[in-house]
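Comments concern the structure below.
The values are calculated or read from the model by the stated rules, or taken from the named source; none is laboratory data. As the structure is a prediction and not an experimental result, all values here were calculated from the model. Quick reminder, even Gly has a Cβ in these numbers, built from the backbone with ideal geometry, and neighbours come from all protein chains shown. Please note that ligands, DNA and RNA were not included when accessible areas were found on the heavy atoms of the full protein model with its side chains. Shrake-Rupley method; radii C 1.70, N 1.55, O 1.52, S 1.80 Å.
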Amino acid sequence: MSKAEATPKPGYRKSCCVYESYPEYDPAAVAAAAPAAPAMSMEAIEKLSSAATPVVPIGMGTVTVPNGFFDAHLHLIDFNQETEGIASVLNCMDACGVSHASVSGCSLKKNWSEFEARMSDDVFNDTDVLYYFSLTDLKLLDELKKLPPNQAGRFAPTICGFKPTDRSAKKQVEELVSSHPEIVWRGLGSMFLRCSEITNMTTGSVPHPGHPAMNIIMADAELRNMPVIINHNACSESSKPYKYGFEYTVELEEMLQAYSGVKVLWYSAGIYVRGQWAGYKAELDRMMNENPNLYISITPELLKARKITEKELIEIAEAHQDNVLLGSSTMGIFEKGKAYKKDWDMLKKWAGSLSKETYKKITFQNGMAFFKPRNRRASNFKGDLGGYENKLMHQGTNAIIRTKSDKLHSQMEAAVVKDKAAPLEKNRMLEGMIDGVLVDDKEIKHVTIDIHLHMLDFLHKSSGTGTILKAMDGCGCEKAVLIGMPCCKKWSKDEPEKPLYYQDDNGQCYFYAFSDQMVADAWLALDDDKRKRFAPVMGSFNPTDINALGHVERMYGKYEGMWRGLGEIMCRHDDLTSLLQDDETPVINHMAMKPIYEFCIARNLNCMVHHNADRTAEAEDDGEFEYLWEVRQVLDAFPDLKLHWCHAGASRRTSEESHPDMLGTMVEAFGNLHIDLSWVVWEEVILDPASGKPKKTFIDLFEKHPTRFSIGSDQVGQFINPAGGNLLKPEIIKYWTLADVCSADTTKKILYDNAQKEWFEGWDVPTADKGGKWRKHPPCMKCETLYHNQGYFEWKDGEMY
């Protein structure tokens, strides 16, 4: 390292107990300096201020340990802003053979709200928000100050405690650098840009490479000659067939090319556990070929995700040996559970397959080169400082707001073929039911009632009640509980194209009250014989709003006698909760829900609530259901409430092996609790993966409490695809396997009888001959069919519902 590269800015720093002075850095003077700390008398302070003892800036000391591995992003601090400490880090680094590391705090802090009994162990375990925490950089600095120069020299500290959507972030970086000449900062980051749940839980607008604030940050990094570390997904979480492109790489490449003088380290190469990754190896290879300032880190997170194979990663590394680094994933925790050792065991195992020359570069040399201290560029450096003009249109008055990005859909010809393809056997219409009446049982083995059917999707589009009824007949479903959709997906200005599903991008969702009116309009447009097949419910309100009762009372009063209940009321719902435009967690026992329950009891209405029984994605199956007490509290307080617990309290990545025991305890304790078996609970909780049939524990539960469970499809918006395939069918006939493992009586109760009793029995259905508001209304909404592979809706022949 040359002196020119190592020269920090001279200056001084005052604090309550020290006065440190930093003249021009001179290694010879440092070697001769007396190690003893000065006395804290005024005389000593004056002496220091006039003839200061040279100090080795943090990160610049001579390292005495042998070169080993370089950790490209060691997070000293976690999302709770906690750490085992720098001493623990050094112990673990030494044990793993890691000689050097880029080190940072964590720019985000997890909120601990009144809705959680304990702090989240993992940022993903609950839906409490994250917020930016600028103190993290000083926490890092305080830890590094504990070290002697030869140990502090092992670290390349980076600044991360700023908000990447704040156009004044540059000023924050400047103040941190100028106020603390005792440290030589080596880069900016890690910045969390598009990061799935992390982004969704973070307050404020979506951070992304094309944000105006990022222009300023990148221009400042170019001026400072600092590298940047970003955590940015290559694609959204969506598993929909129309989302096959890597939609977030385009904006990243535009940033890389606009600021070609900034080296950018892309955490895990943009790979994470969700999303679709077919063809990503070729895409990553192309990006690295065309963007020489793009670097990627191989992480344990990436290796565990297995979205591209280890062999493919080796091929990428060999082809781009100067632009690949290794980095750990653990944050704040290093010794506990041998977290850091596990990370490096995995990294070293992967690196062992590299060629000798590539191994040397990726394990150490690239990290040292990437984070080496560099002089600031000349003050007259002409960088684009991120000028931004808030125009009516993105690109001025001639711009077109496009529903689809041409850059993301290169396989449209294949998509057209797929949408035209004949239906698969699982989607073939069954024969034997006409207008809800079984006339032939040759193909339809069981008649069912679907208690969880969403007429609308997250854009409030639908293929219409006509296709719903046709799909129901095509799988033996006689009746259904007709739900709207309480939440609507926002099309954010920060997204490359229009979303069709709530997981398609990081745009938020909001409560959409008109959904209930849409359900009423659709129901009133039906003939009387078809009205009897649908039990309509309403639930499009914010469950944290005490004023929500007003909406419920107005809608009920307008169509009294039509509504069979309230639902689906969205309380704890992992992904969806974190996307809702409200920092307050909706919980089943929220005070705003009290008048809702009282309303249901007074009018003998069912109440459908989605509320997870447990935290999401816990590392261990601890047998505890941490949100169960909230459900219990409601049932204790309202013993006359007919509560229908959606999806049996399960959600994606939210269940325990003891789930059937928990449900058994709940239905035994509360006679007013009914369990909705719909959505992922069947595949992820109830079924035995080996046999494809319900587990013995669930079979016993169903036989013991046969009157407490009903089935639902949770089908959303679309029911027959463009080629005529029945999309509802597989979500209904999957429950027929109950007949293989349960008694005929239990099977019939769960598939039909329980739903008939709870939702349809005793209902005086308002018929058109009653006149007035019950007359048959003209259809007023478009029937729009989704072409799943092409990703667009089509309104055919002017059909309405």
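The combined condition, being in a loop (DSSP other than H, G, I, E, B), in contact with a helix residue (DSSP H, G or I) (Cβ under 8 Å, 6 or more places away or on another chain) and at pLDDT below 95, is fulfilled by Thr64.
Among the residues of the stretch 150-171, those identified as assigned to a helix (DSSP H, G or I) and either surrounded by fewer than 17 Cβ atoms within 10 Å (Cβ to Cβ) or among the basic types (Lys, Arg) (or both) are Asn150, Lys170, Lys171. Looking at Lys382, Lys391, Lys420, just one residue is open to solvent by 50 Å² or more (accessible area, probe 1.4 Å) and modelled with pLDDT of 65 or more, and that residue is Lys420. A search for C-beta distances below 8 Å between a residue of the stretch 465-480 that is in contact (Cβ under 8 Å) with a residue 60 or more places away in the chain and any residue that is of a type in the set (Gly, Ala, Ser) and assigned to a helix (DSSP H, G or I), counting only pairs 6+ apart in sequence or on different chains, returns Thr465/Ala522; Cys477/Ala471; Lys479/Ala755. For the stretch 181-191, state whether one or more residues are of a type in the set (S, T, N, Q) and open to solvent by less than 10 Å² (accessible area, probe 1.4 Å). Yes, the stretch 181-191 has at least one match. Determine, yes or no, whether Val206 is farther than 21 Å from Ala258 by Cα, open to solvent by 10 Å² or more (accessible area, probe 1.4 Å), among the β-branched types (Val, Ile, Thr) and out of contact with any strand residue (DSSP E or B) (no Cβ under 7 Å at 6 or more places or on another chain). It is false that Val206 is farther than 21 Å from Ala258 by Cα, open to solvent by 10 Å² or more (accessible area, probe 1.4 Å), among the β-branched types (Val, Ile, Thr) and out of contact with any strand residue (DSSP E or B) (no Cβ under 7 Å at 6 or more places or on another chain).
In the condition set (1) part of a helix (DSSP H, G or I); (2) out of contact with any Cys (no Cβ under 9 Å at 6 or more places or on another chain); (3) open to solvent by less than 40 Å² (accessible area, probe 1.4 Å), Ile451 is compliant with all but (1).
For the stretch 673-684, indicate whether the set of residues that are open to solvent by 10 Å² or more (accessible area, probe 1.4 Å) and within 30 Å of Gly557 (Cα to Cα) is non-empty. Checked the stretch 673-684: at least one residue is open to solvent by 10 Å² or more (accessible area, probe 1.4 Å) and within 30 Å of Gly557 (Cα to Cα).
I need the full set of residues from the stretch 628-652 which are buried (at least 23 other Cβ atoms within 10 Å of the Cβ) and at pLDDT below 95, in order please. Once the filter is applied, which keeps residues that are buried (at least 23 other Cβ atoms within 10 Å of the Cβ) and at pLDDT below 95, the stretch 628-652 yields Ala650, Ser651. Kindly establish whether Ser134 is open to solvent by 40 Å² or more (accessible area, probe 1.4 Å), of a type in the set (Ser, Thr, Tyr) and assigned to a loop (DSSP other than H, G, I, E, B). The answer is yes for Ser134.
Selection over the stretch 423-448 of residues that are open to solvent by less than 10 Å² (accessible area, probe 1.4 Å) and free of Cβ contacts under 8 Å to residues at least 12 places away in the same chain gives a count of 0. Check the stretch 506-525 and report whether any residue there is crowded, with 21+ Cβ neighbours inside 10 Å, part of a loop (DSSP other than H, G, I, E, B) and hydroxyl-bearing (Ser, Thr, Tyr). No, every residue in the stretch 506-525 fails to be crowded, with 21+ Cβ neighbours inside 10 Å, part of a loop (DSSP other than H, G, I, E, B) and hydroxyl-bearing (Ser, Thr, Tyr).
Annotation note: Cβ proximity below 8 Å between a residue of the stretch 103-119 that is under 16 Å from Ser578 (Cα atoms) and a residue that is in a strand (DSSP E or B) and among the β-branched types (Val, Ile, Thr) (sequence gap 6+ or interchain) occurs for Leu108/Thr202. Reported count of residues in the stretch 246-281, each being surrounded by fewer than 21 Cβ atoms within 10 Å (Cβ to Cβ), of a type in the set (Val, Ile, Thr) and in a loop (DSSP other than H, G, I, E, B), is 1.
Of the candidates Gly725, Gly798, Gly717, the single residue that is out of contact with any helix residue (DSSP H, G or I) (no Cβ under 6 Å at 6 or more places or on another chain) and buried (at least 16 other Cβ atoms within 10 Å of the Cβ) is Gly717. Every listed requirement among (1) open to solvent by 10 Å² or more (accessible area, probe 1.4 Å); (2) β-branched (Val, Ile, Thr); (3) under 19 Å from the mean Cα position of the chain (by Cα) is met by Ile230 save one, (1).
Scanning the stretch 612-661 for residues that are assigned to a loop (DSSP other than H, G, I, E, B) and more than 22 Å from the chain's Cα centre (by Cα) returns Asp622, Gly623, Glu624, Phe638, Pro639, Asp640, Leu641, Glu657, Ser658.
A Cβ distance below 6 Å, combined with a sequence gap of six or more or placement on separate chains, defines the contacts here; from the stretch 218-246, residues that are among the basic types (Lys, Arg) reach residues that are open to solvent by 20 Å² or more (accessible area, probe 1.4 Å) in the pairs Arg224/Arg376; Lys240/Tyr501. Taken over the stretch 526-553, the criterion of being part of a helix (DSSP H, G or I), open to solvent by less than 10 Å² (accessible area, probe 1.4 Å) and farther than 20 Å from Asn589 by Cα is satisfied by Arg531 alone.
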